[in-house]
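K.L.:
Provided herewith is a single structure, encoded as C-alpha cells, for subsequent inquiry.
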Amino acid sequence: MMPFSQHDATGRLRHLTTLDGLSADEVHQFLERAQRFVRATGAAPARSHTLDGVTVAHLFTEPSTRTRASFELATARLGGTSINLDISLSSRQKGETVLDTIYTLQAMAVDVFVIRDREPGVCQYVAEHVQDHVSIVSAGEAHLSHPTQGLLDALTIWQFKGGFRDLVVSIVGDIRHSRVARSTYLALSKLGVGEIRLVAPAELMPDPDEMHQAKRLHDIDAGIAHADVIIMLRIQKERMQSLAIPSDDAYFAQWGLNQQRLKLARPEVIVMHPGPMNRGVEIASDVADGKHSVIRNQVSNGVAIRMAVLETLIENRLDRGSRP
Ligand code: CP
C-alpha cells in the first residue's frame, strides 16, 4: 500500500488532516486566501459561490462550539450545503462502523467530510478509504492535531504582528494534551517564528522528542518574559488518566495569566486562547477581556480560515477534473 499523502498525484492538496507535510508556501497561501475573507467588525460577511453544488458533512464525536459553528458558516458562505450529523443520535450508536457511516453519506454525494474524533488516526483512516473526489478535513483529532486552529492562530499573529521572524511566542499550560499546541507549533515553525517557548509544569509538558525546536520552561514568569505573543491553553482534564494538577485555585496561583504577570511580556503583547476558556484557572477574566486579548479575533479568523481551506480543496479538485 502507498504511504498516505494529503496531496494528490499532481501535488495538489486533497485532504487536510494535519499540517505535517505542508510546505511553508502552502501555509502562507492559506493565510493570504483567508485574509481575503476577513471583514471589519459589523460589516457583512464575505461570500462566494465556490461550493455551489458541493455538500459538506460535519461529523463531530467530541463537543465543539467554535470549530463546528465556523465550519458550518464557512460552508454556507461559500454557497455549499451542510449535513450536520448528531453522532449521539446517529446509527453509530447502534454499532455502525465509522467507515459504514462515511460510505452511507458518500452514497448521498457528500464531497467533503469535516471530522472531529477523540480516536487518533481516524481522519487518515477515512481519507484512505473514500472515493477519489472526496476530501477529508480534520476538525480536531485526539491530542494530536487541529490543523485549522493552527492556521487561524498563525493568521491572527500575522494580522497583529505583521510577520513571524522576530517574534517570541510563548505557549503556556497543558501542552501535553493539546492538539492546538501541536498544530500551532507546526504552523509557526513553518512560518519561521524566531523563538517558540513551551511553558508548563513537568507533568503537562510533551515528551522530549516532540516540538523539539522549542525552548522549554517550567516557570511562567520566565516563560512569558519579553514575549510578543502568549497563547494560553485550557487544562484538558478529559484526556488525563488521573488529574495531573493540584486544585484549580492552586493552578491559577502558580500558572494563571493575570494582569501582574502580563507586565513581564512586551508592552504590545497579544494574548490568545483557542477556547473554550476556563476563566480563573489558566487565565484571569480581566486578561481574557482586556486590551491585549485577541481571542475574539481568533474566533472570527476561524471562519475565514475554514472558508480558505474548503475553497482550496474544492478548487484543487476542479483542477484535477473531478466533479462537480
Ligand atoms: N478551539 C476549539 O477547537 O474550540 P471548540 O472545541 O469549541 O471547537
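We did not get these values from a lab; they are worked out from the coordinates using the rules stated. Just so it is clear, the structure is predicted and the values come from calculations on it, not from any experiment. A quick note on method: Cβ atoms are made from the backbone with ideal geometry, for glycine too, and the neighbour counts reach across all protein chains shown.
K.L.:
Using the Kyte-Doolittle scale, find the helices of the chain whose mean hydropathy is at least -1.0 and whose Cα atoms extend 24 Å or more along the helix's long axis, counting only whole DSSP H runs.
P.N.:
Those that clear 24 Å and a mean of -1.0 are 295-320.
K.L.:
With a 10 Å Cβ neighbour count serving as the proxy for reagent exposure, in which order, fewest first, do Lys94, Lys237, Lys190, Lys161 appear?
P.N.:
Lowest count first: Lys94, Lys237, Lys161, Lys190.
K.L.:
Of Met232, Ala40, Met2, which is farthest along the charge dipole of the chain in the positive direction, counting Lys and Arg as +1 and Asp and Glu as -1 at C-beta?
P.N.:
My answer, from the dipole projection, is Ala40.
K.L.:
Could you list the square roots of 5 times each eigenvalue of the Cα gyration tensor of the chain, that is, the equivalent ellipsoid semi-axes, sorted largest first and rounded to whole Å?
P.N.:
Working from the Cα gyration tensor, I get semi-axes of 33, 22, 18 Å.
K.L.:
Shifting gears a bit: Going 7 Å from the Cα of Arg239 along its beta-carbon direction, which residues of region 141-178 have the amide nitrogen within less than 11 Å of the resulting point?
P.N.:
Under cut-off, by backbone N: 141-146, 174-178.
K.L.:
Straight-line reach from Lys215: which lysines fall under 24 Å, measuring Cα to Cα and dropping same-chain residues less than 8 apart?
P.N.:
The qualifying lysines are Lys161, Lys190, Lys263.
K.L.:
To make sure I understand, if each residue's beta carbon is the centre and we count other beta carbons within 10 Å, what order do His273, His292 fall in, fewest to most?
P.N.:
With the sparsest Cβ surroundings first, the list reads His292, His273.
K.L.:
At 222 nm, what value in deg cm²/dmol follows for the chain if DSSP H runs of at least 4 each add -39500 (n - 2.57) and the sum is divided by all its residues, to the nearest 500?
P.N.:
-10500 deg cm²/dmol
K.L.:
Can you run phi through the Karplus equation (6.51, -1.76, 1.60; θ = phi - 60°) for region 124-133 and list ³J(HN,Hα) in whole Hz, with x for Gly and Pro?
P.N.:
Working through the residues one at a time gives 5, 4, 5, 4, 6, 10, 7, 5, 4, 8 Hz.
K.L.:
When we measure straight from the Cα of Lys94, which aspartates and glutamates land under 19 angstrom away, once same-chain ones fewer than 8 places off are left out?
P.N.:
By straight Cα distance, Lys94 reaches Glu62, Asp86, Asp117, Glu119.
K.L.:
Can you tell me the order of 213-226, 301-314 when each peptide is scored by its average per-residue count of other Cβ atoms within 10 angstrom, highest first?
P.N.:
For the peptides 213-226, 301-314, the packing ranking is 301-314, 213-226.
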